[in-house]
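Below: one structure, written as structure tokens.
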Amino acid sequence: RQGIGEPSVYHAVVVIFLEFFAWGLLTTPMLTVLHQTFPQHTFLMNGLIHGVKGLLSFLSAPLIGALSDVWGRKSFLLLTVFFTCAPIPLMKISPWWYFAVISMSGVFAVTFSVIFAYVADITQEHERSTAYGLVSATFAASLVTSPAIGAYLSQAYGDTLVVVLASGVALLDIGFILLAVPESLPEEMRPVSWGAPISWEQADPFASLRKVGQDSTVLLICITVFLSYLPEAGQYSSFFLYLRQVIGFSSETVAAFIGVVGILSILAQTVVLGILMRSIGNKNTILLGLGFQILQLAWYGFGSQPWMMWAAGAVAAMSSITFPAISAMVSRNADPDQQGVVQGMITGIRGLCNGLGPALYGFVFYLFHVELNEMAEVETLGKASRPNMANPTDESSIIPGPPFLFGACSVLLSLLVALFIPEHNLALRSGSHKKHSNGAQTHTHSPQAGGSDGKEPLLEDSSV
């Protein structure tokens, strides 16, 4: 094998850590560049930029997932990381090109789908939830220190040094994939030639969504993902800007907030997730995570003081257990040669949310006249003051963050849908039908009632 050693979860962890560490360094400079480039309707433009990126991710995720099932994971890890990090040097060269390339980079911004497929290749089912939790915790860990480091370097030496350092970390990640990451997909699961049969159905994201509807369990899981991740995606795109502008956090306080929430997320996705999966089961873990997310979003929506944001951030860390638990439930019931397709499908839905969520949040902020004032004014005002409204209204004093309340309602619907996911049948199937070692063996499928067009469902016997 090319690379160092046998493929392991630690290879995937390093790739994720370096990619998001590079982007975490840019948290403070990005807020400054965003304000300077779009001084009017900043929240709206921020939502549109991330919206285009997310929609392109949704369109490309199934194709990249299916191709990685055929040609291997390593080449697509290299491709996704390279294009995801390509906009970084442009931040100082040309801000307009920077935001344009961020939007276009959505075509390849699906690193997580390839990483989860990589992990599925090399782990057995009972290990997978822990492995996914480790990957998600690494994503949080990459954001623990990098925003604080970026904020310090930006203040002490200027934004240019931060952009150069982030570009260097991105190049290190690309070099690590090229030299150290071994291929995880076994040779016997790859076709003889590169002229592999990739059908249009596999590449078409809407066909992928239609395929979801053929399996009732996958449909419920995908609806759960959509309704829960839609507000999360909108929150990610605007929350740091919201903390600076609406709550009055300084750049150092924002960095500290990210660090504390990141540490708590790591604990939640490693220690707490493992305990919950063993004690209350996969489905109940998902339900608990959704409950924490509802509480967190409602608190953000009504909260107007800094301490409220800190308390809601602690709850947000606990809600981070949801997606690793969902990914584990899906992956342990999918065939080894379908891992890329299934994870690409879930990531595609998240990509659709990454398009709709930021645009929706930006639009709601725009409707409620939440605009960005001068950043210098925010820095000079006390933390308790909230220079958040260009046109203050009575509603703004009652509900400072209207999009977050919309998000809480969306997650409540997601929780109601998740109640119908049949965990016990899935657990029985994973024990009796899906025992394999490192994902290298093939399996026979039980015939499905209701498969009208003869297509194999993604999850076995989900209609039982």
With r as the distance between the Cβ atoms of residue 172 and residue 280 and R0 = 35 Å, compute the FRET efficiency 1/(1 + (r/R0)^6) and round to 0.05.
-> 0.30
With the label point 7 Å along the Cα-to-beta-carbon line of residue 156 and a cut-off under 20 Å to each amide N, the hits in the range 17-41 are 21-30
Subtracting the Cα-Cα distance of residue 206 and residue 82 from 0.36 nm times their residue separation yields 42.0 nm
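Give me Rg/Rg_expected for the range 1-186, where Rg uses Cα atoms only and Rg_expected = 2.2 N^0.38 Å with N residues.
1.06
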What's the extension gain from residue 94 to residue 366 if we count 0.36 nm per residue and subtract their Cα-Cα distance?
-> 95.3 nm
So how much slack lies between residue 256 and residue 36, counting 0.36 nm per residue of separation and subtracting their Cα-Cα distance, in nm?
-> 76.8 nm
Neighbour net charge for residue 149 - beta-carbon separation under 14 angstrom, K R +1, D E -1 | -2
Once the whole set of protein chains is in place, how much accessible area is left on residue 157, using a 1.4 Å probe, in Å² to the nearest 10?
-> 150 Å²
Mind grabbing the accessible area of residue 227 for me, 1.4 Å probe, Å², rounded to tens?
-> 30 Å²
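The values are calculated or read from the model by the stated rules, or taken from the named source; none is laboratory data. Note that the structure is a prediction, hence the values are computed from the model and not measured. Quick reminder, even Gly has a Cβ in these numbers, built from the backbone with ideal geometry, and neighbours come from all protein chains shown. Heavy atoms of the whole protein, side chains included, go into the accessibility calculation; ligands, DNA and RNA do not. Shrake-Rupley method; radii C 1.70, N 1.55, O 1.52, S 1.80 Å.
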